[in-house]
1. Restricting attention to segment 291-300, does a residue exist that is of a type outside the set (A, V, I, L, M, F, W, C) and more than 14 Å from ligand 1 (Cβ to nearest atom)?
2. Could you check THR355 against (1) outside any helix (DSSP H, G or I); (2) farther than 30 Å from MET177 by Cα; (3) β-branched (Val, Ile, Thr) and say which number it fails?
3. Would you please name the residue that is nearest to ligand 2 (Cβ to nearest atom), looking only at residues in segment 287-326 that are open to solvent by 40 Å² or more (accessible area, probe 1.4 Å) and acidic (Asp, Glu)?
4. Does at least one position in segment 268-286 carry a residue that is at pLDDT 95 or above and under 30 Å from GLU411 (Cβ atoms)?
5. Looking at the structure I just gave you, is GLU252 in a loop (DSSP other than H, G, I, E, B), out of contact with any Leu (no Cβ under 6 Å at 6 or more places or on another chain) and either more than 23 Å from LEU325 (Cα to Cα) or within 14 Å of ligand 1 (Cβ to nearest atom) (or both)?
6. Can you tell me which of ASP100, ASP75, ASP49, ASP107 is open to solvent by less than 20 Å² (accessible area, probe 1.4 Å) and under 28 Å from ALA121 (Cα atoms)?
7. Just to be sure, is ALA284 among the aliphatic types (A, V, I, L, M), within 14 Å of ligand 2 (Cβ to nearest atom) and within 25 Å of GLU213 (Cβ to Cβ)?
8. Find the residue count for segment 358-403, including only residues that are farther than 15 Å from LYS310 by Cα, outside any helix (DSSP H, G or I) and not hydrophobic (A, V, I, L, M, F, W, C).
Amino acid sequence: MNRAERYESAREIYKAIGVDTDAAIEKLKTIPVSLHCWQGDDVKGFDQDGPLTGGIQTTGNYPGKARTPEELMQDMEKTMSLMPGRKKLNLHACYAIFEDGERADRDQLEPKHFAKWVEFAKKHDMGIDFNPTFFSHEKVKDGLTLSSPDEETRRFWINHGKACIRISEYMAKETGMPCVMNIWTGDGYKDIPADRMGPRMRYKDSIEQILAEPHDSNLVKPCVESKVFGIGVESYTAGSAEFALSFAATHEGVLPLMDNGHYHPTEVVSDKIPALLCFFPEIALHVTRPVRWDSDHVVLFDDETKEIAKEIVRNDALDRVYIALDYFDASINRISAWTVGFRSFQKALLSALCTPAAMLKELQDENRLTEMMLEQEELKTYPLGDVWAEYCRQCGVAADRSWFDEVKAYEQEVLLKR
Ligand code: RNT
Ligand code: ZN
């Protein structure tokens with residue numbers, strides 16, 4: 001069978017269980033997934049030369065990381081040309097672009113410092129998501145930013161947050177798509193603190209001050225991302241799960257953001273998604289792959305990734321969940337890392353869209369759990385690969401491993417010359 005015949009056959013097989021694969025393909029083309037710029041340069045940014053702090057870490061020193069805005073954009077264009085599906089651009093404040101030796105500290109950032117990124121996003125018909133950068137900076141005092149007891153430090157970071165609200169609104173206006181602005185800090189303590197509430201009260205007040213910066217909540221979607229621990233911040237994080245969730249629940253227009261690397265290892269975000277959807281009009285996600293800890297490995301087409309996509313799709317929540325990727329691997333070719341992760345999540349969404357959710361739900365509600373199990377097992381060997389191949393063909397990208405030839409050529413011609 002050739003490719004077209006294989007798709008025809010797969011279409012019939014899915015049709016027999018009530019799944020319309022043509023509709024699944026069309027739907028998938030419309031779902032934006034935010035592509036994080038920071039896979040390209042190991043979360044370095046352009047505004048400082050120090051180490052990566054905040055309790056996060058990239059490991060590996062594969063050659064060819066992007067060192068300038070031009071290189072990063074060039075690399076993103078390469079990786080995006082190898083991925084099917086709709087992309088949104090995810091930026092951090094530390095990726096500000098300064099012209100002619102001009103500098104601005106993080107509390108002084110302005111929309112103009114992101115004009116080149118806006119131009120880039122427009123060129124590729126993408127919206128932009130944004131993140132204030134509360135790490136890798138000399139004004140992180142004793143590992144603390146928005147929860148610092150030092151008022152000058154806290155003021156600096158509040159002003160950074162406010163600047164980022166203004167920049168987010170500018171990005172939304174320019175691209176015509178809302179900007180999800182995610183607040184995450186690595187604030188916390190390595191060892192058992194003597195005061196757990198004080199930092200949280202200051203963190204709460206700081207976020208409230210940031211959000212007091214005037215903004216249109218249809219354009220700027222502020223989120224609070226929780227975390228259980230970081231490297232060197234093992235005993236306590238100010239922005240814990242309960243803190244972030246309660247903050248979002250009690251502040252109009254604020255979304256909780258769940259990163260699936262930020263929970264205890266046996267907790268799953270796939271189960272948290274429908275729980276939050278019962279209460280929040282909108283939520284946000286960072287999709288990553290934690291291996292034993294928040295290691296930010298490249299996202300794969302694995303069980304939990306599939307389950308996350310399924311929960312979004314079968315609860316009809318594609319318009320309520322802002323999906324972003326968040327991983328950074330410096331031990332392998334970074335273009336390939338980006339591409340594999342994005343393609344994996346696309347596969348997970350396609351798999352979810354090709355799941356006969358109504359039929360399975362009915363089995364559950366009729367307590368036909370024996371059949372529910374076997375039907376879910378049957379699906380695992382359905383010909384999803386043939387539907388994937390058709391989707392990739394329609395999107396003008398390789399369906400199989402052949403995209404890697406382009407990565408190898410790019411490595412020779414561009415990356416290894418850096
Ligand atoms: C860190 C958080 C955070 C960062 C990015 C760079 O643990 O996941 O989202 O990874 O903002
Ligand atoms: Zn994250």
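The values are calculated or read from the model by the stated rules, or taken from the named source; none is laboratory data. Remember, it's a predicted structure, so these values are computed and weren't measured experimentally. Every residue, glycine as well, gets a Cβ built from its backbone with ideal geometry; the counts of neighbours run over all protein chains shown. Note: areas computed on protein heavy atoms with side chains; ligands, DNA, RNA excluded. Shrake-Rupley method; radii C 1.70, N 1.55, O 1.52, S 1.80 Å.
1. The first filter runs over segment 291-300 and keeps only residues of a type outside the set (A, V, I, L, M, F, W, C), leaving 292, 294-297.
Of the ones still in play, those that are also more than 14 Å from ligand 1 (Cβ to nearest atom) are 292.
Checked against the condition, which is being of a type outside the set (A, V, I, L, M, F, W, C) and more than 14 Å from ligand 1 (Cβ to nearest atom), segment 291-300 yields at least one hit.
2. So THR355 meets the others, but not (2).
3. Ranking the qualifying residues of segment 287-326, first place goes to GLU304.
4. Of segment 268-286, the ones at pLDDT 95 or above are 268-286.
Going one step further and asking which of them are under 30 Å from GLU411 (Cβ atoms), we end up with 286.
The answer is yes, given that some residue of segment 268-286 is at pLDDT 95 or above and under 30 Å from GLU411 (Cβ atoms).
5. Working: in a loop (DSSP other than H, G, I, E, B): yes; out of contact with any Leu (no Cβ under 6 Å at 6 or more places or on another chain): yes; either more than 23 Å from LEU325 (Cα to Cα) or within 14 Å of ligand 1 (Cβ to nearest atom) (or both): yes.
Yes.
6. Only one candidate passes the filter, namely ASP75.
7. Details: among the aliphatic types (A, V, I, L, M): yes; within 14 Å of ligand 2 (Cβ to nearest atom): yes; within 25 Å of GLU213 (Cβ to Cβ): yes.
It is true that ALA284 is among the aliphatic types (A, V, I, L, M), within 14 Å of ligand 2 (Cβ to nearest atom) and within 25 Å of GLU213 (Cβ to Cβ).
8. 10
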